[in-house]
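Report on the structure given below.
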Amino acid sequence: MFEEVKNLLVEEMSINADDITEEAEFGKDLGFNSLELADLVVMCEDRYAIDIDEEKAHTIITVGDFVKYLEELLGEKQ
Amino acid sequence: MAKKTPRVFANAANIRQLTYINNQRRPDKVFLRYFGHDGNLEELTYGGFFERCEKIISAIREKNLTGKRIAIIGENCPEWIEFFCAAISAGCVVIPFDRELLVNEIKGFIEIGKIDAIVFSPRYSKKFPELKSAGALDELEYIIPSYTGEIEDLSDERLISLDDFIKDAVPEKITPSEIMRARPRGDMSIMLFTSGTTGSSKCVMLSERNIMACAKAACEAVNFSENDVTMSVLPIHHTYELAITIAEMLYGITSCINDNLKHVLKNLKLFKPNSMVLVPLFVSTFNKKIWDEVKKKGKERQFKLGMTAANTLKFVGIDMRRRLFSDVLDAFGGNLEKIICGGAAMDPELMGMFDTLGIELCEGYGITECSPLVSVNPYYRRKYGSVGPAVSCCEVKIDAESTDEEGRIIGEILVKGENVMVGYFDNLEANMEVFTDDGWFRTGDVGYMDADGYLYITGRKKTVIVLNNGKNVFPEEIEEYLSKIECIAESVVVGREKENGDVELTAVVYPNFDLYPVGMDISVIAEDIKKKVTELNRNLPSFKQIRNIDVRKTEFEKTTSKKIKRFLVK
């Protein structure tokens, strides 16, 4: 899942692949603002047919947090 | 540039009069278009809005809440605006809460503000069991969810849904002439907390007169009209969005409510607004999206040529902009033609960029204490880089401190007028600091005025950091959180501007070296501090999260009274 998210960030959001680690923070390390984070959330919702909770989205700090949350949602879906 | 034309908007003295006038003039016109609780698109007319407000006014009186303090927390929705308008009209004091407040902050504000009741929307109901167990709700007379439904784990006799609250209200017997004779309230009508519940917290008191003066002045300066359709994306608890909502009501505009940041682009295509009121975050993100899309399609060269062609044609009197860039404009619904931008500093180049596309961008300047509008570029004469001349309800002057190399007088921006706050609540010291003896309000912002009276902001005297989403962050509050991290001995939080103009919160920290082995590499210490700050960030609303950390090897320079000389930290 990490690799999928990484590819999404590189291809769709023009983020440098070297900057994307599990520990990288969206705001601090990848330079995301709240609207860009919202964009990423929508992209993932569309791609995986899931619904990401707005409250939960606020608590996502690192790429690792996001990957973990996606895995949880996809696990629940199955 | 557009020609100056007469502005046509309601000459209402207060909010109740405004709702009444709209009910008389345009009862069937849609005021709000929004997503209902079940996600379906719904509409509320000006007539329906008036009726609901009148019912709430009656209910407030019948339940002896007149003159009491009522907090509202929730996303932008009809119930929020209805309750706000009705409560002000019923003589209450409204306390709009930031939707991102933490439980302990809500508890603190309820206590400090001596709040009597709270209205909240469904999304916030999850917080209520926690608020109850923290004792935050103990002193409240009413807890009013804006929807009909149970709150899990919160059985409480003070709990009453908004529908039940107004169900048996008997409409007040008041004649049209009584409504039309009324004056706006000059006393405290709105309380706005400017930061967390730390020592740096202040509460701004605004009157109904303040907010009405500001909204009318906004109407005079912007080229909105009754036929406009706007889309509301900024949080309604901000005075900026609040004053704009009142201004839209003065014009009789249809306002569409964006339900979620995630859906901005989708909703732009759905609502097709022709005008929007934004903060720089949106404008710069829209700009980035345009360029990303152009690059992705490999049309960068054509796009730049198109921009040159559009500007050349416009120069000779042929306006082809909207036709040339119709595919770009379609991404924003296709009708967007005017944007008002304020709340934070905007990159002046964006105004040129949007002009080229056929979207008129007017930048303004405001501060919560001025309800908030102080100045805005009028549609008929805009200047790049300026935040415009003072709006009609106030005067602005510069408290001369220095002269720059071009001979301009630079100093603190002072404001006097009907939009200036009643004062800070229960804070004599702060009031003494910000008001001069002859009644001018010291904004804490620094700038200069040109010969035409246009204002330019150049800096800030106070410590507050203004982010490009318009949010204010008080560094002292974040430093207090950092002081609780054991491995940090001292810290100063500053706002650093990035290359793209965004401001990011940066913590400059001096580690507690006693906790680390002597000679340990500073990069290892920095990594440890970074992990602790990431943990802190998890408990902070996104706008208060620290984006950058600078670790220094030496203590901060101090004054004789042992305070950090924070002005030395950049």
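The numbers here are math on the coordinates, done by the rules we state, and not lab data. Since this is a predicted model, take the numbers as computed values, not measurements. Neighbour counts run over all protein chains shown; Cβ positions are idealised from the backbone, glycine included.
Lys and Arg at +1, Asp and Glu at -1: add these up for the other residues within a Cβ distance under 13 Å of B:Pro378 and post the number. With Lys, Arg at +1 and Asp, Glu at -1, the net is +3.
For B:Arg181 and A:Glu45, FRET efficiency with R0 = 56 Å and r from the beta-carbon atoms, rounded to 0.05? Please list the in-between numbers first.
On the way: r = 53 Å, r/R0 = 0.95.
For A:Glu45 and B:Arg181, the calculated efficiency is 0.55.
The modelled label-to-label distance for the pair B:Thr308/B:Glu480, using points 7 Å beyond Cα in the direction of Cβ, is 5.6 nm. Each label was represented as a point 7 Å from its Cα along the Cα-to-Cβ direction; for B:Ser225 and B:Glu497 these points are 3.7 nm apart. The loop-placed trypsin sites (Lys or Arg not before Pro) in segment B:250-328, going by DSSP, that have at most 11 neighbouring Cβ atoms within 10 Å of their Cβ come out as B:Lys297.
A simple rule links phi to the HN-Hα coupling: the Karplus curve 6.51 cos²θ - 1.76 cosθ + 1.60 with θ = phi - 60°, which for segment B:418-430 gives 5, 8, 6, 3, 5, x, 7, 5, 6, 8, 4, 4, 5 Hz, with x for Gly and Pro.
Restricting the trypsin sites (Lys or Arg not before Pro) of segment B:455-517 to loop positions (DSSP other than H, G, I, E, B) with no more than 16 neighbouring Cβ atoms within 10 Å leaves B:Lys461, B:Lys462, B:Lys484, B:Lys498. Placing a pseudo-label 7 Å from each Cα along the Cα-to-Cβ vector at B:Glu130 and B:Lys288 gives an inter-label distance of 2.8 nm. In terms of overall dimensions, segment B:1-125 has a Cα radius of gyration and Dmax of 16.7, 53 angstrom. Under the convention that each Lys and Arg Cβ holds +1 and each Asp and Glu Cβ holds -1, the size of the dipole of the protein assembly as shown around its Cα centre is about 2180 debye. Of the chymotrypsin sites (Phe, Trp or Tyr not before Pro) found in segment B:374-474, those in coil by DSSP whose Cβ has at most 12 other Cβ atoms within 10 Å are B:Tyr380. Less than 5 angstrom separates the built amide H of B:Val391 from those of B:Ser375, B:Val376, all sequence-distant by 5 or more or on a different chain. Once backbone amide H atoms are built at 1.01 Å from N, B:Glu490 has B:Tyr510 as its partners under 5 Å, excluding neighbours fewer than 5 places away on the same chain.
Within the protein assembly as shown, what percent of beta bridges assigned by DSSP are antiparallel, to the nearest 5?
Numbers: 50 of 83 bridges.
The antiparallel proportion sits near 60 percent.
Going by how many other beta carbons lie within 10 Å of each one, how would you line up B:Phe83, A:Phe32, fewest first? Present the calculation step by step, with values, prior to reporting the outcome.
On the way: B:Phe83 26, A:Phe32 20.
Ranked by crowding around the Cβ, least crowded first: A:Phe32, B:Phe83.
Scanning residues 5 or more positions from B:Phe31 or on other chains, those with amide H under 5 Å from its amide H are B:Leu44, B:Thr45, B:Tyr46, with H placed 1.01 Å from N in the peptide plane. Too long at a 29 Å Cα-Cα cut-off: which of B:Lys544/B:Lys565; B:Lys530/B:Lys558; B:Lys167/B:Lys216; A:Lys56/B:Lys167; B:Lys299/B:Lys530; B:Lys126/B:Lys461? With Cα atoms farther than 29 Å apart: B:Lys167/B:Lys216; A:Lys56/B:Lys167; B:Lys299/B:Lys530; B:Lys126/B:Lys461. The packing ranking, built from the mean of other Cβ atoms within 10 Å per residue, places the peptides B:277-285, B:398-406 in the order B:277-285, B:398-406, highest first. Near B:Lys114, once Lys and Arg are set to +1 and Asp and Glu to -1 for all other residues with Cβ below 11 Å from its Cβ, the sum equals -2. Converting phi to 3J(HN,Hα) with the Karplus coefficients 6.51, -1.76 and 1.60 and the offset θ = phi - 60°, segment B:454-460 yields 7, 9, 10, 8, 10, x, 8 Hz in sequence order, with x at every glycine or proline.
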